[in-house]
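Working notes, beginning with the structure itself.
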Amino acid sequence: MDLQYLSDEQGRHIAVQIPIDEWNKLTQEHEIFRNYRKKKKNPSDFFGTLSLETGERMQKYLIESRNEWERNEIFG
């Protein structure tokens, strides 16, 4: 994923941009979370609703994002 970081005058990261295709994929895959607000269900109502594959993809994405963030923090 090609993340872009926006910085303020002091070089501190203040925002992250992701490609629109990635954003669309993320929002589509996580439709359940958008519906969460509308239905006002308890978090426990969602127990077990993610497939193993989806959970693994989410975890991989989080690890990759964290690594990307840390690389940019170190190398600016």
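Selection of segment 28-56 for residues being of a type in the set (Val, Ile, Thr) and either touching a Ser or Thr at 6+ places or on another chain (Cβ under 6 Å) or modelled with pLDDT under 80 (or both) yields Ile32, Thr49.
When the test is whether a residue is loosely packed, with under 12 Cβ neighbours inside 10 Å, closer than 24 Å to Tyr5 by Cβ, modelled with pLDDT of 75 or more and among the aromatic types (Phe, Trp, Tyr), Trp69 does not pass it. Of all residues in segment 1-12, those that are part of a loop (DSSP other than H, G, I, E, B) have Cβ atoms under 6 Å from Cβ atoms of residues that are among the β-branched types (Val, Ile, Thr), 6 or more apart or on another chain, in Leu3/Val16; Leu3/Ile18; Asp8/Ile14. Name the single residue, out of those in segment 11-22 being of a type outside the set (Val, Ile, Thr) and closer than 14 Å to Glu73 by Cβ, that is surrounded by the fewest Cβ atoms within 10 Å (Cβ to Cβ). Applying the filter and picking the extreme gives Gly11.
The values are calculated or read from the model by the stated rules, or taken from the named source; none is laboratory data. Just so we're clear, the structure is a prediction, and the values are computed from it rather than from any experiment. Cβ: placed from backbone, ideal geometry, glycine included. Neighbour counts: every protein chain shown.
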